[in-house]
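Below you'll find the structure, written out as structure tokens, and then a few comments.
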Amino acid sequence: NFAYVNRTFSVNPPSAGVATLDALNQSGELYATLSSNQSVGDYLTSKYINLHHYTVKNPLQIPTSQLLYYDNISGLYLNADSLWYIQGASLFNCNSQPTTFNVDMYIAYIQHIPPDSVIHDANSNLYYFNGTDTVPILYSTSPTYTLADSLYFSFYYQSQGYSANAPEAGDSLVLQFYFNDEWKTVWRVAGNTLHPFRQVMIPLNDTAYLIRDFRFRFYNYVSTGGSANPSWNNNCDYWHIDYVYINKSRSQGDTIPDDICFTDQIVPFIKNFRAVPWEHFKASPSLRNDTISFTIRNLNNSGKNANRNVNVFSYPSTLVFNPSPSNENINAFSDSIVKFPAPDNFLNISQQDSASFYARFTVSGGLSEEERFYGSNDTMFQDIRFKHYYAYDDGVAENGFGLGGIGTQGARLAYRYNTLVPDTLRGIYMYFNPTVNNYTSGKYFYLMVWSNSNSRPSEILCEQIGEKPEFGEGMYKFMYYALDTPVWITDTFYIGWKQTTTDLLNIGFDANNNTRFHTLYNISGVWEYSPYDGSLMMRPVFSTGPFLSAPVAEQQRTWNVFPNPASGRLFIEGTENSDCQITIADLQGRQVLSARYPAEGIDVSPFENGVYLLTVLSNGARVTRKIVIYK
């Protein structure tokens, strides 16, 4: 029941790396309690935080001539004549050549043991006289927190984000603190529609908070909102959390972080796609983006000088691109788009089937590690994987997409791609959103592939019966749908499905990459473009290894089915001396028979009356006919 840390679900977050609370568990499944009634979704729980005391570097500065060294052997305090400090490559006596001491200096005690001298590190045994006592010089001190330290707990939050389903009023976000051995609610907000990130400031003005094992947690309530269509009931009620910050010496007006950070996704290394088959990409170098760009933000009310850098590695750790770092001044409360020339030398990597790279992006505002407001915002990574499929999506489903309602039985959804080189289409990766009670898992569809004519789906290249939404284990796991008969593709084509019910199949929908003009649907006999910005999580899979040659055209086969309607045995004319595989499915796509065609014909007497689809597969050719069983 953990929150999901990401950079895609929220709209214009303060920084990258937002925690999203929703209705999915860490395995990518909907919570079993999700229904039309409110129930708890995710938790975001902190580790133990020490609010009893804090550690600071000792600010002591005194002349080195006042240093004392405690000799454990003699039990005596030795004065500064026996101590030395280092400047450059030289040693100087702390007493006769004094300077100002601070706890970061290295102090040496030189012990003369004839005929040699032995140098000891003296820092752990340094003392000084404070006017009353001889006291040890500690590197750090541990003051205790008090209410006078003015501790505040702050964070930013946003409801909904890119989700199409806003939290209802009862789908609230709750913050609790753990003290006195129990969780207590200190803040909550009712569900509402999308709004910019809002900051909350909570004073820690009770001594009960000032403990060694303080913790906090956020959690959210979720519900389906009582949708009348169960196929629409999937992940919902998003809340987004960013910049959780606890510190002392704060006030209600302490709302401006001193931070430079990443705010957006990295522009992909390849044009128009998020993934391309490696062999296709190597054959089309013009697909490489000329520049790599990303956005950084100065959240402070004063200008900052930002250092930027990018490195690209071939897995696991070979550096293939390392441009010179750059820097620029960024105005207060401003964004800056950073651009680097894109690498081209990694195209020469020798892998035949695939290649994997990752890019590391860093930004800093000239602050030390201790001064940085939130160091995790300073670095971002992007995977660049060339496997055997094309993808427009980034692999994360902010929403769901589908065709549902009256008139959608038999409706078709098509997704346009263009292969960069002729190759064999082997299958399709798809990610379907889980629905309450796995409602869509039994909804069959025809897996479809079409050719292109006038920017619309045209000839059916594949119509594969008996498919249904499948679900993997883990977050956003794509499932592979293999084509029974691979299809040779030379240019533009479409993948998708034809529905057998009026239920929305709820395929994953990436809201951060817009390819709606590649998404078409046909409900009334006319192909239309999708009205929604985003990308379907549907990826065509091509051959692995060397390209296959174009298939030799099969002799056109004509098969006749008789009698039709049938009540007993059904025969297929034209199958003599053919090794045929047959399947029979109902109009919902449920397969009722799969077998070799028997010479004595097909016994259909066990089947219920109705209309069925008979598919004959022989020597790579496929023909489908409607049959009627009536007894």
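The values are calculated or read from the model by the stated rules, or taken from the named source; none is laboratory data. Everything numeric in this text was worked out from a predicted model, so none of it was measured. Cβ placement follows ideal geometry from the backbone for every residue including glycine, while neighbour counts extend to all protein chains displayed.
Values for this structure:
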| item | result |
| --- | --- |
| Tally, over the range 61-83, of residues that are in a loop (DSSP other than H, G, I, E, B), out of contact with any Ser or Thr (no Cβ under 9 Å at 6 or more places or on another chain) and in contact (Cβ under 8 Å) with a residue 24 or more places away in the chain | 2 |
| Residue that is farthest from I465 (Cα to Cα), among those in the range 404-420 that are in a strand (DSSP E or B) and not hydrophobic (A, V, I, L, M, F, W, C) | N418 |
| Unique match (being in the same structural domain as R188 (by TED's automatic domain parsing), out of contact with any helix residue (DSSP H, G or I) (no Cβ under 8 Å at 6 or more places or on another chain), at pLDDT below 95 and of a type outside the set (G, A, S)) among N220, N229 | N229 |
| Leading residue by the ranking (nearest to D503 (Cα to Cα)) among those in the range 580-631 that are free of Cβ contacts under 8 Å to residues at least 60 places away in the same chain and in contact with a Cys (Cβ under 9 Å, 6 or more places away or on another chain) | V616 |
| Members of the range 84-98 that are exposed (fewer than 13 other Cβ atoms within 10 Å of the Cβ) and in a loop (DSSP other than H, G, I, E, B) | G88, A89, S96 |
| Residue under evaluation L21, criteria (1) touching an Asp or Glu at 6+ places or on another chain (Cβ under 6 Å); (2) over 30 Å from T295 (Cβ atoms), criterion not met | (2) |
| Residue match in the range 24-47 (condition: of a type in the set (S, T, Y), part of a loop (DSSP other than H, G, I, E, B), within 37 Å of the chain's Cα centre (by Cα) and crowded, with 17+ Cβ neighbours inside 10 Å) | yes |
| Leading residue by the ranking (modelled with the highest pLDDT) among those in the range 61-83 that are among the aliphatic types (A, V, I, L, M) and loosely packed, with under 14 Cβ neighbours inside 10 Å | L76 |
| Pairs, first free of Cβ contacts under 8 Å to residues at least 24 places away in the same chain in the range 231-258, second assigned to a strand (DSSP E or B), C-beta under 9 Å, six or more apart | G253/M201 |
| Selection count, the range 459-478, where residues are modelled with pLDDT of 90 or more and either in contact with a helix residue (DSSP H, G or I) (Cβ under 9 Å, 6 or more places away or on another chain) or part of a loop (DSSP other than H, G, I, E, B) (or both) | 8 |
| Residues that are surrounded by 13 or more Cβ atoms within 10 Å (Cβ to Cβ) and in a loop (DSSP other than H, G, I, E, B), drawn from the range 48-59 | N50, L51, H52, Y54, N58 |
| Matching entry among Y481, Y446, Y521 (being outside the structural domain of W232 (by TED's automatic domain parsing), modelled with pLDDT of 95 or more, surrounded by 14 or more Cβ atoms within 10 Å (Cβ to Cβ) and in a strand (DSSP E or B)) | Y521 |
| Flag if I260 is crowded, with 21+ Cβ neighbours inside 10 Å, of a type in the set (A, V, I, L, M, F, W, C) and over 30 Å from T515 (Cβ atoms) | yes |
| Only one of D181, D206, D104 that is more than 29 Å from S15 (Cα to Cα) and in the same structural domain as L78 (by TED's automatic domain parsing) | D104 |
| Subset of the range 297-313 [modelled with pLDDT under 90 and aliphatic (A, V, I, L, M)] | A306, V310, V312 |
